[in-house]
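Peer 1: Let me begin by handing over the structure; questions about it come next.
Please treat every number below as a calculation from the coordinates, not as lab data. All values derive from a computational prediction rather than experimental measurement. Positions of Cβ are backbone-derived with ideal geometry, glycine not excepted, and every protein chain shown enters the neighbour counts.
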Amino acid sequence: MSIRIALPKGRLLDETAALLHLAGWELTDYHREARSYHLKSRRFPALCLRVFHEKDIPIQVAVGNYDLGICGLDWVEELLAKYPTSALVKVQDLGYNMGSLYAAASKSARMTMEGLRTEKSVIRLASEYPYLAESFALGLRLRQFRIFPLWGAAEVYPPESADLTLVRAGTEAELSSYDLAPINKVLDFSAFLIANQTSWEKKDMGEVLDSLGDKMPARFPSPAKPAALGTPGEQPRAGTDEDAVWLALPDGHQQPPTLELLRKAGIHIDDYPSPTGNRRPRVNLPGTLVKTVRPQDMPLQVANGNFDLAITGRDWLLEHLYQFPSSPAAELADLKFGKVKIAAVISKELSMADVHSLAPLRIASEYVNIADKYARDNHLGPYRIIPTWGASEAFVPEDADLLIENAQTGRTIARHNLKITDVLFESTACLIGAKSGTYRPAKSRRIENIVNTLRAAVEDA
Amino acid sequence: MKVPRCKGSRDLSPGEMVKFRLIEKAFRDCCLKWGYGEVRTPTLEYLHLFTSTGTLTPSLLSKVYSFLDWDGWSGERVVLRPDGTIPVARLYIDSMEKEGLAKLFYVTNIFIFDETGKKSRERWQCGVELIGAGSPLADAELISLALEILHKLGLKDTKLRLSHAGLVRAMLAKLGLSHDEQTKVFDQVIDGDIQALAGLKPRNPELAKALSLLLDLRGKSSGFLKNLKALFQHNLPELETPIDNFINVAELLQALGQDYRIDIASGRGFEYYTGVNYHLLCGEQNVGAGGRYDDLVPLMGGEGIPASGFALYLDPLMDMVKPETFAEPAATRVQVRVEPGDTETAKRGFVLASRLREAGYIAELELGAQKQADFNWSLEVKGKAPHFILTNKVGQRRFEAGTAEEVLALLRKNVNKDSVA
């Protein structure tokens, strides 16, 4: 009987690889440079091993696609906060990658649990853990709150873009380095071995579990190791300038072309991309303050006025607008770089007719709302959307039938034995803002100035 | 492919809807006669309506159906109504506050997630809210109304269990617990975990005695409460006000001849209760609950106005009512069979069926799959004279008629004979 195991990429990869090496699994290709999400174990050739984004693993194990999985306890608790009846067994603490999840606010806010409890105005809570954030808010009996789910960079949101954040940190000192003060520790976590409940009860996985041994935490006594620390340096603040314009710039691989565009527009920016992880670079535009955040999070933030302008992809703007048609977020300028196709992707072995005949059809995507609209518009039969946090290619064919994916050249798709069957639209980077912002005249002029400068830079190019 | 219904949801068949409407009718008739007016609030409300008052326990709030709707970009969540009272209180503050007293009732569904999927996650209830009256008379009115409705439904073995949220709160306040602990224990009690109270070990022996008396004893008259009062008044004067209030309501119910049992431990209910609260049972089945909630309207930003209300649970009641015990006779059913192929005959059939309905009969055109046994009479409509042939199921009698009037006259003459037969 084959045992299916989901392994993490990202922050847990190195130590998980070390653990499995010690356990003698002799894995092919489980390292940072690996190009495949399908692994083999020389010691246990019958194992079916897949690599996923860590956040997808609890769901994949709970629904029974995988018997075992390794991921942070934080993501397990996040799933259980929303779906307490999930069929998950927390098998063993693996004792590495320890940290804590804190409810935190900006040091300057001097917020306390008691203060929050009696607060009558709306509390904005931004987090990568929206379900735990909601439980926290309900448990504390916050009178009015709004949860802003994030893809990342939660630590840079308070105080201007959120009042509270639920954020992970190795230590309180790390939290402090983000200029955040803990209000409450919500959870301690570390890497965990988890199992699907039915598999745990019925399947003999003894040999594999035995190889991992029962002294795992002892073998990995590494103390809580703070993740690579960003030294925030001197942090510009909005202060009392009500006319300050907040501009969000993308983190990740869109940084070089963004920097190039700013250079063409004659805008000078310091510490972007930042080698130390600083997310508040300085810019030589008067009255303009910058934060570096995830492009995925920008449309919602712009809609809520936490940022006035942002550089993101049209894909993420549409993803937002398909969910919230009445949102004020809108494209102000096409910046023309970062061109990708948003495409429907299936296994090379299948035709679209084969896919249509599947019921229910499993559609995996980072773009949940674009995927949902695609399925509705194309009258796809009974379908289920499986939200993913990246590395969607690993899902086909076993765990999904169709992907809605972005593709630059199509080479990654071909390498995973997949093919494009439909192109939904082309996406490029764009400048977004509020459709009908009601700003004070000075601020309005500043915004207009930035929009025009960037538009001109694109046209000149 | 067969499409299943959503887990935890329920369909109501025509037979079940007959019972549903019977209960609804008895409920509405009683409420209207007591001078209450019907309201209906939206199924969707903002989540913060239920969080802002701090009046639903976190455990209940973690089971609501909340989501971001098409307007949800601001993070403002909406929720499928998890409770009937709070939306009516919102409606009152919204548009009725000037009127002072409001006597309102509603038939509504509420949505609460149930993990097992065995209990329905959509529950129907008949609710009554009396906003603006704070006297024991108001409590007695609501309890009497609830019992009258159960009586009208022909239910035997109805029981009333009385508790007093104000008394429980006063006791918790005396135990020297922090505000958080008090809320936690009170939440456990109203979520049905009475052991939470029993588990508290007060250092003060008087308090320990009072607590165990309150929890362990069951009384059947206001005398029981007076005895408790006599015990407490020297050492625990704080309990006097809620006990006096409890005594007043109990005495009134006694005078009205309503049987009840005082059972503090039956306090399961809502956190917004502040005074007398109660459960209604049929046999061992809970069929309703209610209580006083004087702080809710002010907590929601309204004026400091007292209020109380109750709800009867339609789902268990539907399993208990027996439609045949209701006096109203079912209408006579006539099946109209039209000779196929001729438009004129079909038209004659439609017109006659319509005349029959106007005259109070249930008239159904024969469509091919109806059960003959369901009909008292069968009427054949033909192209040639005699146009109408009426046959009765019971006596196997057969009549011929040429006009609609003749058919109606024949039915009038013979229906009663049937019912005698």
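Peer 1: Give the peptides A:252-259, A:352-359, A:444-451 in descending order of average Cβ contacts within 10 Å, highest first.
Peer 2: Sorting A:252-259, A:352-359, A:444-451 by mean packing, highest first, produces A:444-451, A:252-259, A:352-359.
Peer 1: Which of B:246, B:67, B:186 ends up with the largest GNM mean-square fluctuation for chain B, with Cα atoms connected below 10 Å?
Peer 2: Top of the fluctuation ranking is B:67.
Peer 1: Which of the lysines could a cross-linker span from residue A:348 if the Cα-Cα distance has to be under 22 Å and same-chain partners fewer than 8 positions apart are dropped?
Peer 2: The reachable lysines, counting only those whose Cα sits under 22 Å from residue A:348, are A:40, A:419.
Peer 1: Of B:404, B:196, B:330, which is the most mobile in a GNM of chain B whose springs link Cα atoms less than 10 angstrom apart?
Peer 2: B:404
Peer 1: Inverting the mean 1/r over all pairs of different Cα atoms, compute the Kirkwood radius of the protein assembly as shown and quote it in Å. The partial results should precede the final answer.
Peer 2: On the way: mean 1/r = 0.0306 Å⁻¹.
That comes to 32.7 Å for the protein assembly as shown.
Peer 1: Once both axes come from the Cα atoms, what is the angle between helix B:240-255 and the longest principal axis of chain B, in degrees from 0 to 90, rounded to 10?
Peer 2: Around 30 degrees separate the two axes.
Peer 1: How do the peptides A:272-284, A:54-66, B:125-137 rank, highest first, by the average count of neighbouring beta carbon atoms within 10 Å per residue?
Peer 2: Ranking, from highest mean packing down: A:54-66, B:125-137, A:272-284.
Peer 1: Give A:90/B:119; B:2/B:25; A:339/A:373 a once-over and call out the pairs whose C-alpha atoms are over 24 Å from each other.
Peer 2: A:90/B:119; B:2/B:25
Peer 1: Right, another one. How big is the Cα convex hull of the range A:340-427 in projection, averaged over all directions, in nm²?
Peer 2: Averaging across all directions leaves 4.9 nm² for the Cα convex hull.
Peer 1: Which residue fluctuates most in the GNM of chain B (Cα springs below 10 Å): B:97, B:406, B:251?
Peer 2: B:406
Peer 1: Can you give the extra length, in nm with one decimal, that the chain gains between residue A:34 and residue A:243 once fully stretched, where that is 0.36 nm per residue apart less the Cα-Cα distance?
Peer 2: 70.4 nm
Peer 1: Averaged across the residues of A:299-308, what count of C-beta atoms belonging to other chains lies within 10 Å of each residue's C-beta?
Peer 2: 1
Peer 1: Only Lys, Arg, Asp and Glu count, each charged at its Cβ (+1, +1, -1, -1), so figure out the dipole size of the range B:252-366 about its Cα centre, rounded to 20 debye.
Peer 2: Once rounded to the nearest 20, the dipole reads 320 debye.
Peer 1: Per-residue mean of other chain beta-carbon atoms within 10 angstrom of the beta-carbon, peptide B:291-304?
Peer 2: Across B:291-304, the average partner-chain Cβ count within 10 Å equals 0.
Peer 1: Which pairs break 30 Å Cα to Cα here: A:185/B:7; B:159/B:209; B:7/B:322? Write out the running numbers ahead of the final one.
Peer 2: On the way: A:185/B:7 36 Å; B:159/B:209 28 Å; B:7/B:322 28 Å.
The pairs that break the limit, which is 30 Å between Cα atoms, are A:185/B:7.
Peer 1: Follow-up. Going by alpha carbons, how many degrees (0 to 90, nearest 10) lie between the helix axis of B:136-152 and the longest principal axis of chain B?
Peer 2: 30
Peer 1: At 37 °C and 0.692 mPa s, what whole-number value in µm²/s does Stokes-Einstein give for the translational diffusion of chain A, with Rh from the Kirkwood sum over Cα pairs? Walk me through the numbers on the way to the answer.
Peer 2: Values: Rh = 23.7 Å.
The estimated diffusion coefficient comes to 138 µm²/s.
Peer 1: While we're looking at this one, here's another question. Give the residues of the range A:275-303 whose amide nitrogen is closer than 20 Å to a point set 7 Å from the Cα of residue A:173 in the direction of its Cβ.
Peer 2: A:276-278
Peer 1: OK, next. For chain B, what is the mean residue ellipticity at 222 nm derived from helices alone (per DSSP H run of n ≥ 4: -39500 (n - 2.57); sum divided by total residues; nearest 500 deg cm²/dmol)?
Peer 2: -12000 deg cm²/dmol
Peer 1: I've got another one for you. Considering only chain A, what is the antiparallel percent among its DSSP beta bridges, to the nearest 5?
Peer 2: Of all bridge pairs located within chain A, approximately 65 percent are antiparallel.
Peer 1: Continuing with the same structure: Per residue of A:140-148, how many C-beta atoms from partner chains lie within 10 Å of its own C-beta, taken as a mean? Don't jump to the answer; show the numbers that get you there.
Peer 2: On the way: counts 1, 11, 4, 6, 7, 6, 8, 3, 2.
Counting other chains' Cβ atoms within 10 Å and averaging over A:140-148 gives 5.
Peer 1: Using 7 Å Cα-to-Cβ label points, what is the residue A:118/residue B:324 separation (nm, one decimal)?
Peer 2: Distance between label points: 6.5 nm.
Peer 1: What residue among B:321, B:185, A:16 has its Cα farthest toward the positive end of the dipole of the protein assembly as shown, where the charges are +1 on Lys, Arg and -1 on Asp, Glu, each on the Cβ?
Peer 2: The Cα lying farthest towards the positive end belongs to B:321.
Peer 1: Now for a separate question. Report the Cα centroid-to-centroid distance between the range B:1-41 and the range B:252-301 in angstrom, as an integer.
Peer 2: With the range B:1-41 and the range B:252-301 each reduced to a Cα centre, they are spaced 23 Å.
Peer 1: Express as a percent, rounded to the nearest 5, the fraction of DSSP beta bridges in the protein assembly as shown (both residues included) that run antiparallel. Display every interim value, and only then the final one.
Peer 2: Numbers: 103 of 147 bridges.
Looking only at bridges with both residues in the protein assembly as shown, the antiparallel portion is about 70 percent.
Peer 1: Here's something else I'd like to know. Please arrange A:76, A:302 by how many other C-beta atoms lie within 10 Å of their C-beta, fewest to most.
Peer 2: A:76, A:302
Peer 1: Please report the orientation-averaged projected area of the range B:14-324, defined via the convex hull of its C-alpha atoms, in nm².
Peer 2: Directional mean of the projected Cα hull area for the range B:14-324 stands at 17.2 nm².
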